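Engineer: Take this structure first; my questions come after.
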Amino acid sequence: MIANIIQTTGLTRSYGDICALKPLDVQVPEGEWLSVMGHSGSGKSTFMNLVGGLDRPSAGSLSVGGEDLLALTEDGLARFRREFIGIIFQQHHLVPYLTAVENVMMAQYFHSVPDEAEARSALERVGLGHRLKNRPGELSGGEQQRVCIARAIINSPKLLLGDEPTGNLDHKSTIMVMELLRELRSEERFTVIMVTHNQEVAAWGDRTIYLDDGVLVRDERANSR
Amino acid sequence: MKRLPRLCWNLISSPFTCPSVIGIFVLVYIGIAFITDDALIVLMELVRRNGILVLLLALLPIASLARLIKEIRCFRSGYQISTGDPSHDGASLFDEAVELETAAPFDGIEETIRTQGYTIRKEENRLAAWRGITHAPARLIFLLATLCLYSGIFISLIFRTSYRGPVIEGEPMPGLSQDGGIVERIRLENGKGTILSKRLTIDVAPSGQGGGQASFGIYPPGLYQGSFVYPRYLGIALLVRFSAPDMHGTFEKHAVLNMYPAGKEAEVQIPESPYKLVTSLAEPDDGLDPYITGRMVFNVKLSKDKDVVLSGVLPGGGELNREGYCIAFPDYRRMVLTDFIQDYGVYFIWGALSLYGIALLYWLPVRVFFPRREMLFVRGGINDMVTAYSRTEGRERSHNSLFHNLLDMLDIGKIQPGG
Amino acid sequence: MIVIKLIPHAVSWAVIALFLVRGFHAGRLMVIISGSGGFALGALGALVLFRLLPPESAFGIIRGGLGVSLLLLWGVAVMAAYRPFWKRTTYFEGTGFTVMCACLAGCMAGAVSASRLSGSGTSLAPYLALILVGGALASYAGAVEKRIPEWFIVGGPSLAAVVVALLLYGSSLSLRLDLFAPLTMKVMKFAHDFVHQFMESMLIPDHVFIRSNLWKYIGVLFGKEIGFWGALVIWFTPLLLIVYAIQFEPLPSVAHIRQGAERRRLLAVFIHIRRYRLIPALLAVLVLTAAVYRSCVPSVEYWDPKPIVVTATPVGDIFIPRKGDIDLEDGKLHKYLFRQGGKEARFFIIMGPSGKLTVVLDACAICKPDGYGQAEGTVICYYCKTLIPLDTVGRSGGCNPVPLAFSEKDDGVHINAVTLMNEWDNTVQTTTKVKGAGK
C-alpha cells in the first residue's frame, strides 16, 4: 500500500474576513502527479503555498511527508522547505546576473553547500549542457523554465510544486517541459502538485482536483476522465 | 619482515617521533629554565655530555631519514597505481575508495572527465585520470631539508671544535696546526652591501703544509686547514715599550689588543709593577677609519695604582717622554681576533635552509595554481564490481564533487553519449 | 574584601564546572562530584602548603601546577593538530579519564582560589567556606548546563582550552601566581641566547661588520618586546592549534552516498557543527586575552612612595633616622634620593620579615633602573615585572635590588655617600649599555 505524502483534514486559510480555502480534506499518495485546477481566486495557489510550507493554515491539520506542518517552528518549516520541497513558478525568478549553473548552485547553497559538478549535471539532464554559462536573459522562455526545473530538483525534493509552470510558454515548449518533468519524475520518484489553468497541462497528471471559491468541487483520476 | 624490526621501523618512521623527541627537549629546557637563566646554554652543554640526550638527539636525523624513505616508497606506490600497475592495492594511498555494483562502461564518464581538464589513461578494466602537478617532490625536498637540519644540529652540537686566536699581519696563521702560512696583509674597506658594512680581506701566503695562497673574507667564511675562519673582532697588535723612573730597565712586550673601533679602550698591565697602560685608537680629524687608512694615533693613559700619572697622544711608531716616563709603540699591526671552527654541521644547516627555500618555491605555485587531483576506476573481482579511488592535494571540493558525480553516473547509468 | 577578591575565581570555577559537565557526556553527577572533590582537595592542599612552607614556595608550587596545565594544553593542542594521523582516539575516553580530568581541573581551581585566602591567616574556616561554595557552584553549573542548547558542543581539546584559560585567568588576578610575566622574561632570555647561538653556529659576523640599520632590526630580538610577543605566541598557539584542528578537520567521506543532495546535506551538517565547535575555543582565546591584560595591567596597587631627598654630611655620611616622620620599621618600602655633583642615586630601606633593616639600590644589576614597588609580600621590578620576595631583598643576584653597605645604629641607618654613588654608577652603567639588556 502506498502511503500518503500529503494528508489534510479541514484545512482552512482565511485572510481576515476572506476565506481563501474552506475546510479541505485531501490525500495525495506518494509519487502521484496531482493537477490542481480552478479559475483565478479559487484557492489553488493558497493550497500550494500551504502544502509547500510557504504559508500557515488558519485551521485544520496538514501533514506532508509525515511532518505536521502546524507543529513546526519557523526554523523547522524552513528546514522542511529546504529539504522536502522543490518549486517551479510561472515567473522563473532566476537571478538575472548569474549564469544558469550559478542559479542552480544558489539553490544548493540555500539547501546545504554548492557543488558545481552536480549543478552542471542537473542542467545536462534537462538538456541545457550547452547553455551552462549563459545568463537568464540569453535563454528562451522554455530554457529558462528548464533551468528552474534543474534548480527545483537539484536538492532531490520529495515533493515538486509547480505554480502555472507553463503559463508563459508556447505550446512546443510546454510539451517539452512536461515531458521533461515526466521523465524526471520516473527517475527520481518525487510527487508532483501542479497548479494550472490549462486543461491540457492538467491532463499530464495522474489525478486532477478542481477548486472553486476555496472548495474542492471535483476529484478525477486520469483513467476516469 | 619480522615483528620486532617492523615495530622498530614503524616507531622510527612514525610522524610522531620527531615531535615527541623535540617535546622531550622542550620539557628538559623548561626544567632547566626553572633553575637557571642560561637554560639554552646549559641544555646545549648537557646534551654534549649526556649519552642519553646524545642518543635522543641522534634520533631526530634517524627518524627523519626513516620518514623520508617511507614517503618515497609511498610516492612510488602511488605512481605505480596511477600508471596502471595492477599489483598495487592503493586504498590506503587515496582519500576516498568506493565500491560500486554497476555494469556501466567507463566510456560514458571519459568525456566528462576530459572536459574538466583531466588527463586519462585507459586500459581494459581500468581508467586513471589526473590533473595538475603533484607536490610530492616538494614534500620530499622538505623532508630532506629536515633531515639535513637535524643532522647539522647534531653534528654541530656534538662534534664542533673551535679555537680562538689573533690573526696578525706578518705573523703565521694561528690554529691547531703550528704550520700556518704567513698573514701577508689584512685589509678593511667600507662595504657597499646591504648587509655588511665592512669588507675584510685576510691574505695568507702559502704554508709549509702545502696549502696555497689563501684569502679570507667575512661571509661566507673560508676554510683554512679544515677549519672555518670566522673573524670576530678587530684590534691592533702593538709592540709596547715602557720605562718608568722607579722601574729597573725597560718593559717591552707584544700586546694583542681588542681596541676597534676608535675610542674603545684596552689595557696593558705592566707585570710586577703598579703600572697599567690604557690605550685606544684616537678619532682622526679627517673622520676616516684609522684601521682602513693605516694612519694610527693612540690615546694613552698611564695609571699607577688608582692614580693617572700620565696621559697623552702617541702616533704609531712614536714615543712619549714625560716626567721620566717613556712610552713607545715602535711597531703596530692590524689584528683580527678569529675563531677557527671545525664544524661540518654548518654545511648541512646551510643545505637545509636552501632546500627549505627550494621546497617552498616549488610547493607554493603548485599548491595554489596546479594542485594534483587523481581518480582511478578499476573493474574486477567476483561480481565485476567497480572500485573507485580519489585523492587530491588541493581544490578538493570541486574534485570530490566531480568524483561523486561520476560515481552517480556510473551507478544509475545516467551516462549520456558524448557527455 | 576577600569575598570580593574571590568572586572572579568563583565565576571561573562555575564556568569550568559547566564546561566539564557539557564536555564529558558520561554522568553529570559523576563529573560534579569529582570536580567538587578536586576543588576541595586543591583548597585544602593550598592550606597545607601555606601552613608548612614559606609563602613563596607555596605560591611557587601552585604556579608550577598552572605551568603544567599550560604544558598539558600544549600537548592536547599538538595532538589535536595531528589528529588526522591518529588511528585510535579512544585512549582519552571512559569513566576513569573523566573523573581524573574533572578532579584535576577542580584541584587547580581550588588551589588558585584558596591562594587568595593566604593573607587571611591559617584559620580553617574560610577554606571550608570556600569548599562549600565550590561544591554549590559545581551543582548549580550542572543544573544550568541542562538549559544550554544541544548545539553548544564542547569537544575534548576545546574543553581543555577553556579550563586552562580560566585557570590562567584566575592566576593572573594574583601577582604571585601570574604566569605570563615570568614567561615573558624566560622568552626574552631564550630569544637572546638563541639568536646569539644561532649566529655563532652559522658563523654569522658580529655587529662590528653588520650595517647599523640592519643591526637595529637584529637588536629588536634582544629587547623586552620580543619577550612579550614570544610569550604571546606560547600563550595563544595551543588555542590557535585547536581552532585550526577544528576548522580544518577533514570533511567526512560521502562517496558511498549516491544522492547528491544527501551528500551535500551531510557535508553541510558537518560544517555547521564544526562552526559551533569553534565557539568554546574562541571563548578560551578571549579569556586568555583577559589574563594577559590582567598580567600587564594588574589591579594590585603598588606601594611606591615618592623618593625623599636626602643629603650627606661633609664627611659623606647619609643618615636616615629610624623613627622620624617615617617609621623605617613599619614593613613598608621607603625610597630616598641623593644628589651629588649633577648625578643622583635612588635607594630604598625596608624592614624584612626577619625584622632586620635592609638598604638596597632602587635598581637591579640587569634591568634598566625603573625602580621597585611593593605589593603582596614582595617587591616588583617595574621593568621586568619580576617579583622579589621580601625575605630575599638584600641578597644580590638576578633581578634583586643591588644591596648597599650600611651601618645600623640605635638612632637609624648610616650610608656612605661615595659607596652609594659608586654602586649606582656601576649598576646603571651596566644596565643601560644595551637597551633592554637583562634576563
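The values are calculated or read from the model by the stated rules, or taken from the named source; none is laboratory data. Model, not experiment: these values are computed from the prediction. Don't worry about glycine lacking a Cβ; one is built from the backbone with ideal geometry, like all the others, and counts go over all protein chains shown.
Engineer: So how many residues does the range B:160-192 have that are within 12 Å of chain C (Cβ to nearest Cβ), surrounded by 14 or more Cβ atoms within 10 Å (Cβ to Cβ) and over 17 Å from B:Gly226 (Cα atoms)?
Structural biologist: Here the count works out to 2.
Engineer: What tally of residues in the range C:226-276 results from selecting those that are away from chain A (no Cβ under 14 Å) and of a type outside the set (Phe, Trp, Tyr)?
Structural biologist: 21
Engineer: Give the residues of the range C:379-428 that are touching a residue at least 24 places away in the same chain (Cβ under 8 Å) and among the aromatic types (Phe, Trp, Tyr), sorted by residue number.
Structural biologist: Passing the criteria: C:Tyr383, C:Phe406, C:Trp424.
Engineer: Here is a list of conditions, (1) surrounded by fewer than 17 Cβ atoms within 10 Å (Cβ to Cβ); (2) in contact with a strand residue (DSSP E or B) (Cβ under 9 Å, 6 or more places away or on another chain); (3) more than 14 Å from every other protein chain (Cβ to nearest Cβ), and B:Ala255 meets all of them except one; can you say which number that is?
Structural biologist: Of (1) surrounded by fewer than 17 Cβ atoms within 10 Å (Cβ to Cβ); (2) in contact with a strand residue (DSSP E or B) (Cβ under 9 Å, 6 or more places away or on another chain); (3) more than 14 Å from every other protein chain (Cβ to nearest Cβ), only one is false for B:Ala255: (1).
Engineer: Next question. Does B:Phe329 meet the test of being aromatic (Phe, Trp, Tyr) and more than 30 Å from C:Met202 (Cβ to Cβ)?
Structural biologist: Yes: the conditions hold for B:Phe329.
Engineer: Of all residues in the range B:360-407, which are farther than 15 Å from C:Ala255 by Cβ, of a type in the set (Lys, Arg) and in a helix (DSSP H, G or I)?
Structural biologist: The one that is farther than 15 Å from C:Ala255 by Cβ, of a type in the set (Lys, Arg) and in a helix (DSSP H, G or I): B:Arg367.
Engineer: Now for a different question. Suppose we keep only residues that are within 14 Å of chain C (Cβ to nearest Cβ) and over 24 Å from B:Arg367 (Cα atoms) within the range B:90-134. Which one would you say is surrounded by the fewest Cβ atoms within 10 Å (Cβ to Cβ)?
Structural biologist: Here the answer is B:Glu101.
Engineer: Counting just the residues of the range C:189-225 that are farther than 29 Å from B:Gln342 by Cα and in contact with a Gly (Cβ under 7 Å, 6 or more places away or on another chain), which one comes out farthest from the other protein chains (Cβ to nearest Cβ)?
Structural biologist: Among residues in the range C:189-225 that are farther than 29 Å from B:Gln342 by Cα and in contact with a Gly (Cβ under 7 Å, 6 or more places away or on another chain), the one farthest from the other protein chains (Cβ to nearest Cβ) is C:Gly223.
Engineer: Can you tell me which condition B:Phe228 does not meet? The list is (1) in contact (Cβ under 8 Å) with a residue 40 or more places away in the chain; (2) away from every other protein chain (no Cβ under 14 Å); (3) over 20 Å from B:Arg333 (Cβ atoms), and all the others hold.
Structural biologist: Condition (2) is where B:Phe228 drops out.
Engineer: On to the next question. Of the residues in the range C:57-81, how many are under 18 Å from C:Leu117 (Cα atoms) and either surrounded by fewer than 17 Cβ atoms within 10 Å (Cβ to Cβ) or at the interface with chain B (Cβ under 10 Å from one of its Cβ atoms) (or both)?
Structural biologist: 3
Engineer: Pairs under 9 Å by beta carbon, first residue under 16 Å from C:Thr378 (Cβ atoms) in the range C:178-190, partner of a type in the set (Gly, Ala, Ser) and not in a helix (DSSP H, G or I), six or more apart or different chains?
Structural biologist: Listed by first residue and then by second, the contacts come to C:Met185/C:Gly438.
Engineer: When you scan the range A:15-71 for strands (runs of 3 or more DSSP E) that lie fully inside it, which ones turn up with 3 or more residues that are under 21 Å from A:Glu164 (Cβ atoms)?
Structural biologist: A:18-29, A:33-37
Engineer: Within the range C:216-244, take every residue that is part of a helix (DSSP H, G or I), modelled with pLDDT under 90 and of a type in the set (Gly, Ala, Ser) and give me the one that is farthest from C:Cys384 (Cα to Cα).
Structural biologist: C:Gly219
Engineer: Scan the strands (runs of 3 or more DSSP E) fully inside the range B:240-359 and keep the ones with 2 or more residues being modelled with pLDDT of 85 or more and within 32 Å of the chain's Cα centre (by Cα).
Structural biologist: B:325-342
Engineer: Conditions: (1) within 14 Å of the chain's Cα centre (by Cα); (2) under 23 Å from A:Pro29 (Cβ atoms); (3) more than 14 Å from every other protein chain (Cβ to nearest Cβ). A:Asp206 meets all but one. Number of the miss?
Structural biologist: Status for A:Asp206: all satisfied but (1).
Engineer: From (1) part of a helix (DSSP H, G or I); (2) within 24 Å of the chain's Cα centre (by Cα), pick out the condition that doesn't hold for B:Leu4.
Structural biologist: Exception for B:Leu4: condition (2).
Engineer: When the residues of the range C:327-377 are filtered to those that are basic (Lys, Arg) and part of a loop (DSSP other than H, G, I, E, B), which remaining residue is nearest to C:Val297 (Cα to Cα)?
Structural biologist: The extreme case among them is C:Lys368.
Engineer: Report yes if some residue within the range B:287-296 is out of contact with any helix residue (DSSP H, G or I) (no Cβ under 9 Å at 6 or more places or on another chain), under 30 Å from B:Gly175 (Cα atoms) and of a type in the set (S, T, N, Q); otherwise report no.
Structural biologist: Yes, because at least one residue in the range B:287-296 is out of contact with any helix residue (DSSP H, G or I) (no Cβ under 9 Å at 6 or more places or on another chain), under 30 Å from B:Gly175 (Cα atoms) and of a type in the set (S, T, N, Q).
Engineer: Looking at A:Ala152, A:Ala122, which is the one that is aliphatic (A, V, I, L, M), without any contact (Cβ under 8 Å) to a residue 60 or more places away in the chain and within 14 Å of chain C (Cβ to nearest Cβ)?
Structural biologist: After applying the criteria, what remains is A:Ala122.
Engineer: Same structure, new question: Go over the candidates A:Leu94, A:Leu161, A:Leu98, A:Leu132 one by one and state the one that is outside any helix (DSSP H, G or I), modelled with pLDDT of 90 or more and in contact with a strand residue (DSSP E or B) (Cβ under 9 Å, 6 or more places away or on another chain).
Structural biologist: One residue alone meets the criteria, A:Leu161.
Engineer: Residue by residue through the range C:380-410, note down the ones that are part of a loop (DSSP other than H, G, I, E, B) and touching a strand residue (DSSP E or B) at 6+ places or on another chain (Cβ under 6 Å).
Structural biologist: Those that are part of a loop (DSSP other than H, G, I, E, B) and touching a strand residue (DSSP E or B) at 6+ places or on another chain (Cβ under 6 Å): C:Gly394, C:Ser396, C:Cys399, C:Asn400, C:Leu404.
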